[in-house]
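Notes for the one structure printed next.
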Amino acid sequence: MGTASDREPRQERSRATRARLLDAAVECLAERGVAGATVGAVAQRAGVSRGAAQHHFPTREDLLLAALRHMVDARGAELRRRAEAVPEGPGRTEAVVQMVVDAFSGTGFNAALQLWAGAASDPALRARVIPLEEQVGREVHRAAVELLGADESVSGTREAVQATLDLARGLGLANLLTDDGPRRRRVVRQWAAMLDQALETVG
């Protein structure tokens, strides 16, 4: 029977293996979609045996849902980091809009999109995906409201902020197919100017 000191390195290795599998699952989802994110493909990408993968995630659904939770947590942590770095001054609204747009882009968002697509025809998956994506939406919305100093008791304010999230999702979807960077920057700048005006108007 192993000692406590023996168990600790094993637990650390187990945590590291689980983290590698989750990162690999997100990458597989983003690149190959739900159909390509099999336990075997994820295990191979993570550099572990299929048996080791199934020890952590007995079924493919377990793996995909854990990957989604992993994405939600990572996106939340990145949002908090970005929120702390938003500058004061005249460029603040544009920085907030850019932060929101960035929250709906990148590998994690692309992987989430693949799960959305899969959930559209899978009621069981949809029931698990919707609450987690709603959590992301609430976190981003709340951060934007706080950073903009927006008063949601004023009619139209909530809709103006929500439209920013909807815009960000649309830009993220467009970027999935082509590198939309230059157009995105112009849209962010214009939307920030419109948002400033909208918030002043509703205020």
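The values are calculated or read from the model by the stated rules, or taken from the named source; none is laboratory data. Fair warning: this is a prediction, and the values are worked out from it, not measured in the lab. FYI the Cβ positions are ideal-geometry reconstructions off the backbone, even for glycines, and counts take in every protein chain you see.
When V42 is tested against (1) at pLDDT 95 or above; (2) out of contact with any Cys (no Cβ under 9 Å at 6 or more places or on another chain), exactly one condition is not met: (2). Once region 178-192 is narrowed to residues that are surrounded by 13 or more Cβ atoms within 10 Å (Cβ to Cβ) and not basic (K, R), the residue that is nearest to V101 (Cα to Cα) is V188.
For region 50-90, filtering for residues that are exposed (fewer than 13 other Cβ atoms within 10 Å of the Cβ) and not charged (D, E, K, R) leaves 8.
Do we have any residue at all in region 112-121 that's touching a Pro at 6+ places or on another chain (Cβ under 9 Å) and either under 20 Å from L167 (Cα atoms) or free of Cβ contacts under 8 Å to residues at least 60 places away in the same chain (or both)? No, region 112-121 contains no residue that is touching a Pro at 6+ places or on another chain (Cβ under 9 Å) and either under 20 Å from L167 (Cα atoms) or free of Cβ contacts under 8 Å to residues at least 60 places away in the same chain (or both). Can you find a residue in region 114-134 that is crowded, with 17+ Cβ neighbours inside 10 Å, on the phi < 0 side of the Ramachandran plot, modelled with pLDDT of 90 or more and of a type in the set (V, I, T)? For region 114-134, residues crowded, with 17+ Cβ neighbours inside 10 Å, on the phi < 0 side of the Ramachandran plot, modelled with pLDDT of 90 or more and of a type in the set (V, I, T): absent.
Yes or no: A168 modelled with pLDDT of 90 or more, of a type outside the set (S, T, N, Q), closer than 30 Å to E61 by Cβ and in a helix (DSSP H, G or I)? Answer is yes for this residue.
Residues in region 55-112 that are among the hydrophobic types (A, V, I, L, M, F, W, C) and within 20 Å of R186 (Cβ to Cβ): A95, V96, V97, M99, V100, V101, A103, F104.
Among (1) modelled with pLDDT of 90 or more; (2) polar (S, T, N, Q); (3) surrounded by 15 or more Cβ atoms within 10 Å (Cβ to Cβ), there is one condition N175 misses while meeting the rest; what is its number? The failed condition is (1). The residue pairs whose first member lies in region 123-150 and is part of a loop (DSSP other than H, G, I, E, B), whose second member is hydrophobic (A, V, I, L, M, F, W, C), and whose beta carbons are closer than 7 Å, counting only pairs six or more residues apart or on different chains, are A150/V161; A150/L199.
Of A150, A163, all but one fail to be surrounded by 14 or more Cβ atoms within 10 Å (Cβ to Cβ), small (G, A, S) and in contact with a helix residue (DSSP H, G or I) (Cβ under 6 Å, 6 or more places away or on another chain); the exception is A150. Checking T157, T201 one by one, the residue that is surrounded by 14 or more Cβ atoms within 10 Å (Cβ to Cβ), among the polar types (S, T, N, Q) and more than 21 Å from the chain's Cα centre (by Cα) is T157 and no other.
Please work out if R126 is within 16 Å of the chain's Cα centre (by Cα), within 27 Å of G33 (Cα to Cα) and of a type in the set (K, R). Criteria not met by R126. Being of a type outside the set (K, R), touching a residue at least 24 places away in the same chain (Cβ under 8 Å) and under 27 Å from G91 (Cβ atoms) is a property that G170 lacks.
Taking region 173-192 as the range and being free of Cβ contacts under 8 Å to residues at least 24 places away in the same chain and within 20 Å of A95 (Cβ to Cβ) as the test, the residues that pass are D180, G181, P182, R183, R185, R186, V187, Q190.
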